[in-house]
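The values are calculated or read from the model by the stated rules, or taken from the named source; none is laboratory data. On a predicted model such as this, the values are computed, not experimentally measured, just so you know. Neighbour counts run over all protein chains shown; Cβ positions are idealised from the backbone, glycine included.
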Amino acid sequence: MPAPIRLRELIRTIRTARTQAEEREMIQKECAAIRSSFREEDNTYRCRNVAKLLYMHMLGYPAHFGQLECLKLIASQKFTDKRIGYLGAMLLLDERQDVHLLMTNCIKNDLNHSTQFVQGLALCTLGCMGSSEMCRDLAGEVEKLLKTSNSYLRKKAALCAVHVIRKVPELMEMFLPATKNLLNEKNHGVLHTSVVLLTEMCERSPDMLAHFRKNEKLVPQLVRILKNLIMSGYSPEHDVSGISDPFLQVRILRLLRILGRNDDDSSEAMNDILAQVATNTETSKNVGNAILYETVLTIMDIKSESGLRVLAINILGRFLLNNDKNIRYVALTSLLKTVQTDHNAVQRHRSTIVDCLKDLDVSIKRRAMELSFALVNGNNIRGMMKELLYFLDSCEPEFKADCASGIFLAAEKYAPSKRWHIDTIMRVLTTAGSYVRDDAVPNLIQLITNSVEMHAYTVQRLYKAILGDYSQQPLVQVAAWCIGEYGDLLVSGQCEEEEPIQVTEDEVLDILESVLISNMSTSVTRGYALTAIMKLSTRFTCTVNRIKKVVSIYGSSIDVELQQRAVEYNALFKKYDHMRSALLERMPVMEKVTTNGPTEIVQTNGETEPAPLETKPPPSGPQPTSQANDLLDLLGGNDITPVIPTAPTSKPASAGGELLDLLGDISLTGAPTAAPTPASVPQISQPPFLLDGLSSQPLFNDITAGIPSITAYSKNGLKIEFTFERSNTNPSVTVITIQASNSTELDMTDFVFQAAVPKTFQLQLLSPSSSIVPAFNTGTITQVIKVLNPQKQQLRMRIKLTYNHKGSAMQDLAEVNNFPPQSWQ
Amino acid sequence: MQFMLRFSTQGKLRLQKCHVPLSDKEKKKITRELVQMVLARKPKMRSFLEWRDLKIVYKIIHASVYFCCAIEDQDNELITLEIIHRYVELLDKYFVSVCELNIIFNFEKAYFILDEFLLGGEVQETSKKNVLKAIEQADLLQEPRHEYFNVPV
């Protein structure tokens, strides 16, 4: 068999291959040759063959059949064999294979070899890929070598020990004695590796850490070494760009960090040296900055005094001005970590940070953006916002959503004025409108509602914004909602903040209809637009017919949501027109709730009520209608809270923009959900009872039967009966179903039932089944009343009835006192 | 440091040193991923990347070869750049003005030199002189009749 070709020749041959296929063929041929050579157990050429195998392995070809051969090489006496053998072991073997265990003995022998380079090979291999078993077996040998005076071996033993400790932490103790005088070495290699070893031990074991702090007085030693490095003159052997052994400096700084963490004494002992390094290190090259970076990390992590911390942050600030983007990146990352604890110091570098928003590097931009948001406060909000809005304009799409959310948050916290706030929101909506998150829409709407004096200005600006472009859904949604609410202000040109625009009702309806028709509008947006149009029916005077037409058209829309709304609005026009103005009244100021849960609801001052009729929010307490006034007067009480049968309010702050303004979304979905328990909506100031109402039926499925019904009223042929149900889930709630019947020979029309209860109670009136009580008891009107009685007081009620009968308007008041005890106890 | 790679601008691997136990297949996969990631970087971009839970530090040398190191979160990226730089200097000194072909034909030497500079991913010798001295002395131990070994010209 001819001698196997040499390594270099093989490499040369393979490189002549022009295609992948050609290369593969060559490799396969050579592998076959090597295999047969291995089979012949030829010692002479084994080394050459394994070397070739390693080359082919690097190209990506399998070489596992050479694993055993590596072991044979390691066991050989020749240095060359060992060198290649150990290299092969490190490249081809990993600890998951059993083969490597066979190495243990060889390594053990080689650790005790007479030639230091052989010992070095063994240490290197063990320290690179030794398994836990191997480490356990050989730890003793490593420990011995750690105490040798041969610095070449000592440094390797130290790093080998690090590996052993990582693999078998319990063995850490055994290396402790050997560490005693490690730092007295002059040899930098030994010093460096010793520091690494000590670092590993201190990080892993708090006991070790304490030991090294107290007993070994590690800190002074390290300080001394570091000082020498800085103060000593030029040492060509270890010099890098004028700095003496930066690798060692960085390592020492890192160990100091661990020692000084949470320890006042140690931190104090290293204060001076840290200040010295921070101020004296040359910053023109990367190597100096590497040391400064490590110094900053250390200063921020230990219990350093404030002057030092400010120094550190200033270094980071200087880094931000560095041309090298690596350094800028590293600085921003570090600043982000420290901005919470050292806010004021970081503030001083705000303008530099803001400049980084214009950096070309994406990660730098992102970090700069995060930092900027962390630094916004009441003093700098105007300036910062200008920069951030500019950033929002020009940044990559992946940032826009986060940036928009951040701007909203910052604006909410620090807005100097309402007008500024609205303007900022407008700016975000118009520049990044499609990236705004869904949950921002309800928040914005709430904000706008609460800025009462800005309504005219807001609606005008929003109108102008969508005139040109109505493709950005969040913007259109907010705009539609506002126009629906404040359209009257828009056409009457009431804006004070800026030049009022001339716009007619028809023009407003034009834009809303365009939104409805547009292909770009989502279903949710269309819902907003339709509702807005409906609301305008009470705010506009000349275009009501047009509105009616639009609403009726959408009654046959394919979109079920839209259809349902349209049908119900239609009904509002037809059967319930007398309620329309009350239902579509202006939204009251909302209470702000800060948590964000899907069950969360922002309570308005009005009562909430699910109804088949999805219409608008009720008038709030402070704006009672005339009917309420009547009741109040008649009932003569400030101890009575009048209740008017009304429709549900919208739930502005639920998750998902589509829930906003969603009147009776519960009925919409068809599946009434269980009412959220009081515990799940912690922020609501109104009693949870009101939430019960929102869930329509099921709450009261658990009926306790057996409460006797009463006749609450009987006069002039009109009889009203009360039947009772109690809820099992909420014992303070009583459901009363009233039934009105008419025994006269003529119908009673336009029948309205009203009720009032004492202040300690709360009342909810659901919609009646109709407004006509047919004659001769041929039918009844039913209506459901829910009463919340948390104090379990005796139930009392005053009722007022109005209806038309025999051509004249009738009205009566009565008190109901005969409630059975089971209905309220 | 968890691993170090050296590869050409075409993505051909020249050196792969791994300090965490990984199977051959895993090593291959990781190498491929990292090579792709680094080759996709444009010239003026920063040298640091985030990958899995590690930091990747890379550098291109003489516009022909990439060095790529994967370090842990608490390691200092800037000093890693210096480590790469030092290794390149060592190769330069040993091969007397290194060119890529030299490294290819003497790939095992590149590993030997690396093993005198780093051990288990940590720097073992900070003096350039000492590293080179050790290599030279070890080279002398090599039995001369082994023809696989050429003294670089």
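Screening B:SER127 against (1) more than 9 Å from chain A (Cβ to nearest Cβ); (2) of a type in the set (S, T, N, Q); (3) in contact with a Gly (Cβ under 9 Å, 6 or more places away or on another chain) leaves a single unmet condition, (1). Here the condition is being within 13 Å of chain A (Cβ to nearest Cβ), of a type in the set (Val, Ile, Thr) and either touching a strand residue (DSSP E or B) at 6+ places or on another chain (Cβ under 8 Å) or assigned to a strand (DSSP E or B) (or both); of B:ILE79, B:ILE113, B:ILE60, B:ILE84, it holds for B:ILE84 alone.
Filtered by the rule that a residue be touching a residue at least 60 places away in the same chain (Cβ under 8 Å) and facing chain A (nearest Cβ under 7 Å), segment B:13-45 gives a lone residue, B:HIS19.
Comparison of A:ASP438, A:ASP393 shows that the only residue that is at pLDDT below 85 and either touching a helix residue (DSSP H, G or I) at 6+ places or on another chain (Cβ under 7 Å) or assigned to a helix (DSSP H, G or I) (or both) is A:ASP438. Filtering segment A:99-108 for residues that are within 9 Å of chain B (Cβ to nearest Cβ) and in contact with a Leu (Cβ under 7 Å, 6 or more places away or on another chain) leaves an empty set. Go through segment A:340-374 residue by residue and tally those that are within 14 Å of chain B (Cβ to nearest Cβ), outside any helix (DSSP H, G or I) and in contact with a helix residue (DSSP H, G or I) (Cβ under 7 Å, 6 or more places away or on another chain). Qualifying residue count for the region: 2. Is at least one residue of segment A:208-229 part of a helix (DSSP H, G or I), in contact with a strand residue (DSSP E or B) (Cβ under 9 Å, 6 or more places away or on another chain), modelled with pLDDT under 95 and more than 24 Å from A:ASP263 (Cα to Cα)? Within segment A:208-229, one or more residues are part of a helix (DSSP H, G or I), in contact with a strand residue (DSSP E or B) (Cβ under 9 Å, 6 or more places away or on another chain), modelled with pLDDT under 95 and more than 24 Å from A:ASP263 (Cα to Cα).
Close Cβ contacts (under 8 Å, 6 or more residues apart or on different chains) running from residues in segment A:506-530 that are farther than 18 Å from A:PRO442 by Cα to residues that are basic (Lys, Arg) comprise A:ASP506/A:ARG546; A:LEU509/A:ARG546; A:VAL515/A:ARG526; A:LEU516/A:ARG526. Applying the criterion of being within 13 Å of chain B (Cβ to nearest Cβ) and of a type outside the set (Lys, Arg) to the residues of segment A:71-81, the residue that is surrounded by the fewest Cβ atoms within 10 Å (Cβ to Cβ) is A:GLN77.
The condition (being under 27 Å from A:GLN28 (Cα atoms), of a type outside the set (D, E, K, R) and either in contact with a strand residue (DSSP E or B) (Cβ under 9 Å, 6 or more places away or on another chain) or at pLDDT below 95 (or both)) is satisfied by just one residue among A:LEU146, A:LEU101, A:LEU91, A:LEU159: A:LEU91.
Applying the set (1) under 22 Å from A:ASN215 (Cα atoms); (2) surrounded by fewer than 23 Cβ atoms within 10 Å (Cβ to Cβ); (3) within 14 Å of chain B (Cβ to nearest Cβ) to A:ASN184 leaves exactly one unmet item: (3). Taking the condition out of contact with any strand residue (DSSP E or B) (no Cβ under 8 Å at 6 or more places or on another chain), of a type in the set (Asp, Glu) and not in a loop (DSSP other than H, G, I, E, B), does B:GLU50 pass? In short, no. When residues in segment A:230-247 are screened for being assigned to a helix (DSSP H, G or I) and surrounded by fewer than 21 Cβ atoms within 10 Å (Cβ to Cβ), 2 of them pass. Taking segment A:163-181 as the range and being in a helix (DSSP H, G or I) and away from chain B (no Cβ under 14 Å) as the test, the residues that pass are A:PRO169, A:GLU170, A:LEU171, A:MET172, A:GLU173, A:MET174, A:PHE175, A:PRO177, A:ALA178, A:THR179. Looking only at residues in segment A:56-68 that are touching a helix residue (DSSP H, G or I) at 6+ places or on another chain (Cβ under 6 Å) and either surrounded by fewer than 21 Cβ atoms within 10 Å (Cβ to Cβ) or within 8 Å of chain B (Cβ to nearest Cβ) (or both), the one that is nearest to A:LEU7 (Cα to Cα) is A:TYR61. When A:LYS214 is tested against (1) free of Cβ contacts under 8 Å to residues at least 40 places away in the same chain; (2) under 25 Å from A:LYS144 (Cβ atoms); (3) among the charged types (D, E, K, R), just one condition goes unmet, and that condition is (2). In segment A:349-364, how many are over 26 Å from the mean Cα position of the chain (by Cα) and of a type in the set (A, V, I, L, M)? Qualifying residue count for the region: 0. Can you spot a residue in segment A:384-402 that is surrounded by fewer than 18 Cβ atoms within 10 Å (Cβ to Cβ) and basic (Lys, Arg)? The answer is yes; a qualifying residue exists. Restricting B:LEU54, B:LEU119, B:LEU90, B:LEU132 to those that are facing chain A (nearest Cβ under 8 Å) and hydrophobic (A, V, I, L, M, F, W, C) reduces the list to B:LEU119. Inside segment A:282-309, residues that are under 31 Å from the mean Cα position of the chain (by Cα), assigned to a helix (DSSP H, G or I) and more than 13 Å from chain B (Cβ to nearest Cβ) make up a count of 3.
Matching residues to (1) small (Gly, Ala, Ser); (2) buried (at least 24 other Cβ atoms within 10 Å of the Cβ); (3) part of a helix (DSSP H, G or I):
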residue: A:GLY406; (1), (2), (3): yes, no, yes
residue: A:HIS421; (1), (2), (3): no, no, yes
residue: A:ILE448; (1), (2), (3): no, yes, yes
residue: A:GLU453; (1), (2), (3): no, no, yes
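Residues that are within 20 Å of A:ASP750 (Cβ to Cβ) and either out of contact with any helix residue (DSSP H, G or I) (no Cβ under 7 Å at 6 or more places or on another chain) or part of a loop (DSSP other than H, G, I, E, B) (or both) within segment A:533-582 comprise A:ALA571, A:LYS574, A:LYS575, A:TYR576, A:ASP577, A:HIS578, A:MET579, A:ALA582, listed in sequence order.
Let's see how each residue does on (1) over 24 Å from B:LYS25 (Cα atoms); (2) aliphatic (A, V, I, L, M):
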| residue | (1), (2) |
| --- | --- |
| A:LEU10 | yes, yes |
| A:GLU25 | no, no |
| A:SER37 | yes, no |
| A:ASP42 | yes, no |
| A:MET56 | no, yes |
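Within segment A:375-384, the residues that satisfy the criterion of being within 16 Å of A:ASP355 (Cβ to Cβ) and in a helix (DSSP H, G or I) are A:LEU375, A:GLY383, A:MET384. State all residues of segment A:106-158 that are among the aliphatic types (A, V, I, L, M) and over 20 Å from A:PRO169 (Cα atoms); if no residue qualifies, say none. Hits for segment A:106-158 are A:ILE107, A:LEU111, A:VAL118, A:LEU121, A:ALA122, A:LEU153.
Residue check: is A:GLU561 acidic (Asp, Glu) and under 20 Å from A:GLU485 (Cα atoms)? Taking the combined requirement at face value, the residue does not satisfy it. Scan segment A:736-765 for residues that are touching a helix residue (DSSP H, G or I) at 6+ places or on another chain (Cβ under 8 Å), surrounded by 18 or more Cβ atoms within 10 Å (Cβ to Cβ) and not in a strand (DSSP E or B) and the total you get is 1.
Here A:ALA345 fulfils each of the conditions (1) farther than 24 Å from B:ARG41 by Cα; (2) surrounded by fewer than 19 Cβ atoms within 10 Å (Cβ to Cβ); (3) in contact with a Lys or Arg (Cβ under 7 Å, 6 or more places away or on another chain) apart from (2).
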